[in-house]
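The values are calculated or read from the model by the stated rules, or taken from the named source; none is laboratory data. Everything numeric here is computed off the predicted structure, so don't read it as measured data. Heads up, the Cβs are rebuilt from the backbone with ideal geometry, glycines too, and the neighbour counts pull from every protein chain shown. For accessibility, only protein heavy atoms count, side chains too; no ligands or nucleic acids. Shrake-Rupley method; radii C 1.70, N 1.55, O 1.52, S 1.80 Å.
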Amino acid sequence: MGNPKGEERRRRVLLLCGDYMEDYEAMVPFQALQAFGVAVDAVSPGKKAGDICATAITIQVETTDEANSESRGHNFTLNATFDEIEFEEYDGLVIPGGRSPEHLAMNASVVELVRKFSDSRKPIAAICHGQLVLAAAAAVKGRKCTAVSTMKPGLVAAGAHWVEPDTLSVCVADDNLITGVTYYGNPEFIGLFLKALGGKICASERRVLIIIGNYAEDYEVTVPYQTLKVLGCHVDVVCPKKKAGDTCPTAIRDLEGGQTYSEIRGHNFVLTADFESIDASSYDALVLPGGKAPEFLALKEDVIVLVKKFMEARKPVASICHGLEILVAAGVLQGKKCTGYPGIKARVVSSGGTFVEADPIDRCVTDGNLVTAAAWHGQPELISQLMTLLDIRVSF
């Protein structure tokens, strides 16, 4: 179908998934690109739209040449069917890492698809172990690329010009090919891919504060953090009684058909600033992730004071899922429309807020300076709304 006169054609990207792909290396590009207005189809061979791919939580060590640990991550819901995709409809391809690339590289249909992207010079972004699929498709021959250090022998054998990574966040761009070492480099990795798609970020630097605690929801911390960094924002993530360099364990929450969500341990998130040094006046926006942390953060007077300062100054405040518990405790929801996890409804109503039902679960509500999402599923819209409030735009 042609484009209406004067209307820019929406970019469309394919995310190549498989069981036990790395959690952040799949979800952060998936939701970040959607927040920027890019349509993303997540597919996996042998699976259909609505099917699940299990993800893996990879706890990376500080150096690039040591083994890492792995545990079960979120359930990633595919939104398209592999057997129905048409190569010509897509402008780019993203291949997450984890363990799935080993098996994807053995699938003839996958290899042929990747070869088409390579031959057409459409942007391809592969991270961590995703480069295994590129090697199988002969897409790295004569090209500069990087990856986790264990990929070096195979990539060199496939004819790649290996770029030795000195940190876990290194990324390399060679024409249409973008490669990264691990999810620590997601902001640059996604930024390079966005540029290859023709995207341009229009914004002056914004400063955003994210307040978390132990067992904040995994996606609800890292997706906003890394997506805002793609946009050039300075983002500080803090926790009461902790300093820059300290870690907070995250929690993985999923809706799996039970009466409530399941919860398991996630990544270790490294804080970027000292909580005690935070000055609310130096930030343009505040983000409150959900998870288990908010019920404890809501009891901390210094957190409540910070939240009130943002709301009184009418600076953008974004809350996800159980993040509303902090806003309830701060007494700032009077007359405000908001959404969150359904179990918080009674507390929101009793504090004077109007609760918008979390159906569908990706619902997002904006009321003045306040943006709320029912759960991490609604983060693309939440971040998009936050971008509007901060006057940040992505154009193509």
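Of all the criteria given as (1) β-branched (Val, Ile, Thr); (2) touching a helix residue (DSSP H, G or I) at 6+ places or on another chain (Cβ under 7 Å); (3) closer than 26 Å to PHE193 by Cβ, the one not satisfied by ILE392 is (2).
All of LEU209, LEU255 fail the test of being in contact with a strand residue (DSSP E or B) (Cβ under 9 Å, 6 or more places away or on another chain), among the aliphatic types (A, V, I, L, M) and at pLDDT 95 or above, apart from LEU209.
Take the residues of segment 105-131 that are touching a Gly at 6+ places or on another chain (Cβ under 8 Å) and open to solvent by 10 Å² or more (accessible area, probe 1.4 Å): which is nearest to LYS195 (Cα to Cα)? By that ranking, first place goes to PRO123. Among the residues of segment 206-230, those that are touching a Cys at 6+ places or on another chain (Cβ under 7 Å) and assigned to a loop (DSSP other than H, G, I, E, B) comprise ARG206, ILE212, GLY213, ASN214.
Pairs are defined by a Cβ separation below 6 Å, a sequence spacing of at least 6 or placement on different chains, a first member in segment 318-333 that is on the phi < 0 side of the Ramachandran plot and small (Gly, Ala, Ser), and a second member that is assigned to a strand (DSSP E or B) and buried (at least 21 other Cβ atoms within 10 Å of the Cβ); the pairs so defined are ALA318/VAL287; ALA318/VAL371; SER319/LEU288; SER319/THR372; GLY323/LEU288.
Yes or no, residue by residue, for (1) in contact (Cβ under 8 Å) with a residue 24 or more places away in the chain; (2) touching a His at 6+ places or on another chain (Cβ under 6 Å); (3) within 23 Å of ALA358 (Cα to Cα); (4) of a type in the set (Gly, Ala, Ser):
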residue	(1), (2), (3), (4)
SER204	no, no, no, yes
GLU217	yes, no, yes, no
THR222	yes, no, yes, no
THR227	yes, no, no, no
PRO249	yes, no, no, no
ILE252	yes, yes, yes, no
THR260	yes, no, yes, no
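Which helices (runs of 4 or more DSSP H) sit wholly inside segment 276-355 and have at least 2 residues that are surrounded by fewer than 19 Cβ atoms within 10 Å (Cβ to Cβ)?
On the way: elements: 293-297, 301-312, 324-330, 345-350.
Correct list: 293-297, 301-312, 345-350.
Somewhere in segment 232-249, is a residue in contact with a helix residue (DSSP H, G or I) (Cβ under 7 Å, 6 or more places away or on another chain) and among the hydroxyl-bearing types (Ser, Thr, Tyr)? Scanning segment 232-249, I find no residue that is in contact with a helix residue (DSSP H, G or I) (Cβ under 7 Å, 6 or more places away or on another chain) and among the hydroxyl-bearing types (Ser, Thr, Tyr), so the answer is no.
Of all residues in segment 25-58, how many are small (Gly, Ala, Ser) and touching a strand residue (DSSP E or B) at 6+ places or on another chain (Cβ under 7 Å)? Give the derivation first.
Within segment 25-58, the first condition is being small (Gly, Ala, Ser), and the residues that meet it are 26, 32, 35, 37, 39, 42, 44, 46, 49-50, 54, 56.
Of the ones still in play, those that are also touching a strand residue (DSSP E or B) at 6+ places or on another chain (Cβ under 7 Å) are 26, 37, 39, 42, 44, 50, 54, 56.
Of the residues in that region, 8 qualify.
Screening THR260 on (1) part of a helix (DSSP H, G or I); (2) farther than 26 Å from SER384 by Cα; (3) of a type outside the set (Phe, Trp, Tyr) shows it passes everything except condition (1).
To keep it simple, each residue is scored yes or no on (1) among the basic types (Lys, Arg); (2) in a loop (DSSP other than H, G, I, E, B); (3) buried (at least 19 other Cβ atoms within 10 Å of the Cβ).
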position	(1), (2), (3)
VAL133	no, no, yes
VAL140	no, yes, yes
ALA147	no, yes, yes
PRO165	no, yes, yes
SER169	no, yes, no
ILE178	no, no, yes
GLY185	no, no, yes
PHE193	no, no, yes
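State yes or no: is ARG253 of a type in the set (Lys, Arg) and under 16 Å from the mean Cα position of the chain (by Cα)? So ARG253 fits the description; yes.
With the condition kept exactly as written, say whether any residue in segment 105-118 is outside the structural domain of ASP218 (by the TED database) and within 28 Å of GLU256 (Cα to Cα).
no
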